[in-house]
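Structure first, then comments.
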Number of protein chains: 2
Amino acid sequence: MSVLVVGSVALDYLETPFGVMEQALGGSATFCSVAASYLTSDVRFVGIVGADFPQKHIDFLTKRGIDLLGLVREAEGKTFSWGGKYHDDMNTRDTLYTELGVFEHFHPVIPDAWKQSDFVLLGNIHPSLQMEVLEQIEQPKLVVCDTMNLWINISQKDLKKVLKRVDVLILNDEEARMLTDQRNLITAGNMLLRMGPRVAVIKKGEHGAVLMTRDTYFASPAFPLETVKDPTGAGDTFAGAFVGWLARTGDVSTANMRKAVVYGSVLASFCVEEFSIDGIRALGEEHIAERFSMFRKITTF
Amino acid sequence: MSVLVVGSVALDYLETPFGVMEQALGGSATFCSVAASYLTSDVRFVGIVGADFPQKHIDFLTKRGIDLLGLVREAEGKTFSWGGKYHDDMNTRDTLYTELGVFEHFHPVIPDAWKQSDFVLLGNIHPSLQMEVLEQIEQPKLVVCDTMNLWINISQKDLKKVLKRVDVLILNDEEARMLTDQRNLITAGNMLLRMGPRVAVIKKGEHGAVLMTRDTYFASPAFPLETVKDPTGAGDTFAGAFVGWLARTGDVSTANMRKAVVYGSVLASFCVEEFSIDGIRALGEEHIAERFSMFRKITTF
């Protein structure tokens, strides 16, 4: 089944204790769609880049089988760019700069042929842009929404409008606490479910992720990694793989969403092992299958 | 099989956002032995109390089937007492006071009949006292050691001597990082295993626990709780149930230790729901079995 991904495309500056990367391919739509492309075939990409966006990145996305019909390539202006520096603990980071470039006036336009996409993944962008996507799509099977602390801080009202219209909300533990003003994560999760979505997926970094519905709870650990080189895009990667698995199977049951959480964790674990998109640039099916089966091994008792 | 438990017995002052309790039954040996008593029958208690220790607590422990042959009841002096205040997040606490009382000059004496106990649980007390226990016991099937940040800070040398002689080390994530000076928990766990124990169990509070050996890894979530009234003794309870399950089954394989981790998590989840020992004062077998099976439900994918 088809997956429509809408989000940002970026050329990032990344600084972590393991090194520096300039002009690194990034953005929520990029990570989401690349991750999804490992699990399903019909991935549809909506985003915007500037004149400086290297052809090699276009080629890479195309080679991954991602349909770029919805990618606007502006003849002038620069691609969105974010600069970030991770602290030694890898859990906190400083934003060094944010240059919106062509993204400043971006309004997602969904091609007519894509308006009936089965799965819609609202990648991490301003909630008002996510709403514009929802206004254009027709009867999707499932809408999944990712977000971040920035929007909870500056656009909470818009975000809450979006939440009323999504099926699955994906966010991290800090964001869940911020959005609900609740310290206890179970209480926070239950409050999120009262805001609209029927499923809340709360990511906890090295502690894994939980999936909550009104009457079920699922907890998955993170894959045990000694080396995390660059956490950028891990959340987007998780969301992309989550939706990718659901689209591959066409099954939106809670039971199948548990598997989707594990696929999200598997792809995210590859993502953070290298800078930028490099950790998920060229995975084989066997790599993914092996790590998925490792999740069974490390959780069985 | 028999479980020898050595640790502190206390009358605590507890203050949490949910209330205050004075003269609350506490101490590592207390929580450890009560938890173990739900899973196995031959639990042997070594500790010390003062003249002020209420008979009702003795009666309670006896009723739980715990053998108090090793409990020294001093005719004079006060029982060890700790006063603690938990902050709103329940994850941090201030020690208000520590009155050692009769515990100050305590040296554990293992009754002759108990020197060949199958399982030895070194509850959270000074490492030099833990070492005194090890000097007295003969060929135990398994030695499990609990510890805390205090001993890592002030008696690390003694602790490291103990670690060379234990099979399983149980501690929390903060303590694992402190003892190894490593931020990454996998790296920290691997370093712990090089200090002596063949198994490291790292507790992560609301994020569950992991069990590591040189070549295996197991991750268990915590039981999802909306209300935590008093975390005191949760770690001791975990350790007691962990050993209790191993003693009940007589099986010290890594596979069986995974089940022991889940039993530890089950009993700890009951513990924190009430003040002091009250959460594990009167559990039925069905309560434990039900929550154990819930752990399967919340981790299955």
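Key figures
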quantity	calculated
Residues within the stretch B:226-260 that are under 23 Å from A:Lys297 (Cα atoms) and polar (S, T, N, Q), tallied	4
Subset of the stretch B:202-237 (residues that are more than 13 Å from chain A (Cβ to nearest Cβ), crowded, with 22+ Cβ neighbours inside 10 Å and either within 23 Å of A:Ser293 (Cα to Cα) or in contact with a strand residue (DSSP E or B) (Cβ under 7 Å, 6 or more places away or on another chain) (or both))	B:Asp230, B:Thr232, B:Gly233, B:Gly235, B:Asp236
Residue within the stretch B:15-27 that is closer than 16 Å to B:Cys145 by Cα and at pLDDT 95 or above present	yes
Matching option when the condition is in contact with a helix residue (DSSP H, G or I) (Cβ under 8 Å, 6 or more places away or on another chain) and on the phi > 0 side of the Ramachandran plot, among B:Gly250, B:Gly189, B:Gly196, B:Gly235	B:Gly196
Residue list for the stretch A:176-188, filter: at the interface with chain B (Cβ under 9 Å from one of its Cβ atoms), without any contact (Cβ under 8 Å) to a residue 24 or more places away in the chain and not β-branched (Val, Ile, Thr)	A:Arg183, A:Asn184
Flag if B:Asp94 is among the acidic types (Asp, Glu) and either within 28 Å of B:Val266 (Cβ to Cβ) or within 19 Å of the chain's Cα centre (by Cα) (or both)	no
Elements of type strands (runs of 3 or more DSSP E) in the stretch A:1-89, at least 1 residues being touching a strand residue (DSSP E or B) at 6+ places or on another chain (Cβ under 7 Å) and closer than 21 Å to A:Ala247 by Cβ	A:3-6, A:43-49, A:66-73
Only listed residue being buried (at least 17 other Cβ atoms within 10 Å of the Cβ), farther than 15 Å from A:Ile48 by Cβ and in contact (Cβ under 8 Å) with a residue 60 or more places away in the chain, chosen from A:Trp151, A:Trp114	A:Trp114
Cβ pairs under 6 Å, 6+ apart, first in the stretch A:202-227 and on the phi > 0 side of the Ramachandran plot, second assigned to a strand (DSSP E or B)	A:Gly208/A:Ser220
Single condition B:Glu132 does not satisfy, out of (1) touching a residue at least 40 places away in the same chain (Cβ under 8 Å); (2) more than 17 Å from the chain's Cα centre (by Cα)	(1)
A:Leu69 vs. criteria under 22 Å from A:Leu39 (Cα atoms), exposed (fewer than 14 other Cβ atoms within 10 Å of the Cβ) and in contact (Cβ under 8 Å) with a residue 24 or more places away in the chain	yes
Qualifying positions in the stretch B:90-126 - among the charged types (D, E, K, R), part of a strand (DSSP E or B) and farther than 24 Å from B:Ala241 by Cβ	B:Asp94, B:Glu99
Residue match in the stretch A:135-142 (condition: hydrophobic (A, V, I, L, M, F, W, C) and at pLDDT 95 or above)	yes
Residue in the stretch A:255-272 that is over 19 Å from the mean Cα position of the chain (by Cα) and either more than 9 Å from chain B (Cβ to nearest Cβ) or closer than 24 Å to A:Ser117 by Cα (or both) present	yes
Top-ranked residue in the stretch A:189-198 [being within 21 Å of the chain's Cα centre (by Cα) and either surrounded by fewer than 22 Cβ atoms within 10 Å (Cβ to Cβ) or without any contact (Cβ under 8 Å) to a residue 40 or more places away in the chain (or both); ranked as nearest to the other protein chains (Cβ to nearest Cβ)]	A:Gly189
Residue that is farthest from B:Lys204 (Cα to Cα), among those in the stretch B:81-110 that are among the charged types (D, E, K, R) and away from every other protein chain (no Cβ under 14 Å)	B:Glu104
Failed item in (1) touching a Leu at 6+ places or on another chain (Cβ under 7 Å); (2) closer than 19 Å to A:Val228 by Cβ, with B:Asp167 passing the rest	(2)
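Each row is one residue, and each column tells you yes or no for (1) modelled with pLDDT of 95 or more; (2) more than 30 Å from B:Gly196 (Cα to Cα).
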| site | (1), (2) |
| --- | --- |
| B:Leu68 | yes, yes |
| B:Phe80 | yes, yes |
| B:Lys85 | yes, yes |
| B:Thr92 | no, no |
| B:Phe106 | yes, no |
| B:Val133 | yes, no |
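The values are calculated or read from the model by the stated rules, or taken from the named source; none is laboratory data. On a predicted model such as this, the values are computed, not experimentally measured, just so you know. Virtual Cβ from ideal backbone geometry, glycine too; neighbours counted across all protein chains shown.
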